[in-house]
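Data first, discussion second: the structure below is written as structure tokens.
We did not get these values from a lab; they are worked out from the coordinates using the rules stated. The structure displayed is predicted, hence computed values, not measured ones. Cβ placement follows ideal geometry from the backbone for every residue including glycine, while neighbour counts extend to all protein chains displayed.
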Amino acid sequence: MYMTRQLIVPMAAFVAALTQAATLARAGDDLVLYKFKRQKLTDVYFSEGANAGDLNRDGQADVVYGPYWFEGPDFKVKHELYPAKPQPREGYADNFFNWVYDFNGDGWNDVFVVGFPGRPAYVYENPKSGVSPRPQGEGPGVRGHWPKHQVFDAVGNESPHFINLVGDERPELVCTFNGAFGFATIDWKEPFKKWSFHVISKRPAPKQFGHGLGVGDVNSDGLKDIITFDGWFEQPKQDPENSPWTFHAVQFSNAYGGAEMHAYDVDGDGDNDIITSLAAHDYGLAWYEQDKSGPVTVFREHLIMGKNPKQSRYGTLFTELHSVALVDIDSDGLKDIVTGRTFYSHHKQSPMWDAGPVVYWFKLSRTKAGVDWLPYELDGVSGIGRQLSIADVNGDKLPDIVVGGMVGSHVLVQSRQKVSRDVWEKAQPKPLSELARPIKRGPFPAIAKDTGKVADALEAEDLAVKVTGGKTSVQAMNAFTKDRWSGGKHLFWNGAKPGDRLELTFEVKAKGKYAVAAAFTMARDYGSVRVLLDDVPLGENIDLYNFPDVISTGALAIGSKKLEAGNHRLTIEMTSVNPAAAGGDKLGVDYLRLTAE
């Protein structure tokens, strides 16, 4: 049993069901603490998802969870949509996803329900009061139920989207059906009749289940594309309902795929990157940086959270990220990640299944040093289901969180409070020590399309080289498609042992102080090194182990030093081997880069 949580982030304090998130930001000269008050709607398992919308036209957001809708703003009064029956926690619910939308245009929002993967979807038609009248002859405690319309026969994939996909200002259902990727459109003149499914590709999809699905403009052409864990389908410029969508293979997971996937410009460079969890019932959260500078576009993985605390800058670790939302929590203009543990999602089969039903948000921060995601725990009781919804439930224009799952349904309502510097400092997430944290990748200078090289780079394979052990060679790297290398190759060092050194000689044209950067290769059988410039150690040790892909560190900052004109020596010493590495006797050096300070 996991009796304690393996988290570095400070735990939130609970006072009268108030969960105080360790969530802070600067607003001008003010230091602000973000709080999320948890309200339990029910502790009975009815559905894997919940959502919000105004169902009785009183101007207040209501919450729908399984067979019930709860009247806002206090959510104390509930009404049945259909006969309520608790679902088996050792099995799975017959209700997975809920959306609120006015399908027939009568001014009253209806409820769209997607059930267990591979089973039908239904629209429950609002009786224009939010509550159906009691059926004639029934007792005074029994209410009628909303008219039920089966609109789709079998919704596949465990992360369907009900979203405007093709630009007609009305939503479509993005899912899989009978082993095909595609989307369902609605005849808005008869919205309660069967919806039409449009196959977008001959590429097969899991017939019932499948993890990882998203919608977003991947190639910045103004059209929304469909994203899956192993690539993306490009929306055609004309007739998307009947034309084939081109598939671009990209591995957006090191496993079988996660939850909702998002296209968003994480690093602010003008193109959209991909945000996704990596395995819905296991480990991993990452963003994939899109790099279009070379002849072929690559998506470079940046791990936010992995299989152990040291794979997170802040030591954060939890599993079962079966739903991922993207929203600007702190109103700073950047979208943040909201996710958590889908508690008991595969019962006792998932790792850390009993470590607690947490909810987190990861604040996106862009700094001169690069992108950072700061983890803040919102709640340690509610967890999430397979659908995590964002809604302003109290009309204060702040995003709140609506969740449902095996522990029931909860609303997490945001508020903000100015605090003292002492309180602010204590509540900040603390990075792991410099020696323990994973190395920071990048930046990744553009590769010129005419030369195939990084400008001003000193290609390692072109420099004079000496080794005290092992052998060096020039290795072509174009076969490794997860990343790119300047000139399409690197200097490969094989058979090195701890203590062995590789020495590169390079020339400095003018005396001055230079910032030194080096691009290395990372792989499952690579070792850890330290770097010396003219026998003076620079920076911290660098662990070049990575699994499962062969990737580049980018231009990793090593340090700065005053250099005379003439020849100098950059020495790379093999120091140790990551315990997870297969051998760890190898090294790849792509290039050096010196920038005058």
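Once a ≥ b ≥ c are taken as the square roots of the eigenvalues of the Cα gyration tensor of region 405-546, is the result rounded (a/c under 1.5), prolate (a/b larger than b/c) or oblate (a/b not larger than b/c)?
Details: a/c = 2.11, a/b = 1.88, b/c = 1.12.
Prolate, since a/c reaches 1.5 and a/b exceeds b/c.
A straight Cα-to-Cα reach below 23 Å connects Lys224 with the lysines Lys202, Lys237, Lys292, Lys335, residues fewer than 8 places away in its own chain not being considered. The helix-only estimate of mean residue ellipticity at 222 nm for the chain, built from DSSP H runs of length n ≥ 4 each weighted as -39500 (n - 2.57), is 0 deg cm²/dmol after division by the residue total.
Considering only beta bridges that DSSP places wholly inside the chain, some 95 percent are antiparallel. Report the antiparallel proportion of the DSSP beta bridges in region 459-579 as a percent, rounded to a multiple of 5. Around 95 percent antiparallel, to the nearest 5. The spacing between region 321-375 and region 540-597, judged by their C-alpha centroids, is 31 Å.
Here are a few candidate values for Cα Rg over 2.2 N^0.38 Å: [x] 1.32; [y] 1.07; [z] 0.98. Which one was actually calculated from the structure I just gave you? Given [x] 1.32; [y] 1.07; [z] 0.98, the calculated one carries the label [y]. What lysines sit close enough to Lys76 to cross-link, taking a C-alpha to C-alpha distance under 27 Å and skipping anything fewer than 8 places away on the same chain? Within the straight-line cut-off, Lys76 pairs with Lys35, Lys37, Lys40, Lys85, Lys128, Lys148, Lys397. Dipole check for the chain: with +1 at the C-beta of Lys and Arg, -1 at the C-beta of Asp and Glu, and the Cα centre as origin, the magnitude is about 1260 Debye. Both radii are taken from the alpha-carbon atoms of region 198-245; with Rh as the Kirkwood radius, Rg/Rh is 0.96. Model label points for Lys202 and Ser293, set 7 angstrom from Cα along the Cα-to-Cβ axis, are 3.8 nm apart. Taking R0 as 41 Å, what FRET efficiency do you get between Asp217 and Lys430 from their Cβ-Cβ distance, rounded to the nearest 0.05? According to the calculation, E is roughly 0.65. Using the Cβ-Cβ distance between Val423 and Asp332 with R0 = 35 Å, the FRET efficiency computed as 1/(1 + (r/R0)^6) comes to roughly 0.95. Per residue, the average separation of C-alpha pairs within less than 8 Å and at least 6 apart gives the chain a relative contact order of 12 percent.
For the pair Thr481 and Trp188, the difference between a 0.36 nm per residue extended length and the Cα-Cα distance amounts to 101.1 nm. Could you pull out which residues in region 496-529 have an amide N less than 14 Å from a spot 7 Å beyond the Cα of Ala582, following the Cα-Cβ vector? So the set is 523-527.
With each label modelled as a point 7 angstrom along the Cα→C-beta vector, the Ala510-Ala596 pair spans 0.2 nm.
Modelled label positions at Arg170 and Asp456, each set 7 Å beyond Cα in the direction of Cβ, lie 5.6 nm from each other. Summing charges over neighbours of Gly182, with a neighbour being any other residue whose Cβ is under 10 Å away from its Cβ, gives -2 when K and R count +1 and D and E count -1. Calculated FRET efficiency, Asp239 to Asp58, Cβ-Cβ distance, R0 = 45 Å: about 0.60 to the nearest 0.05.
Give me the extension gain from Lys466 to Lys368: residue separation times 0.36 nm, minus the current Cα-Cα distance, reported in nm with one decimal.
31.8 nm
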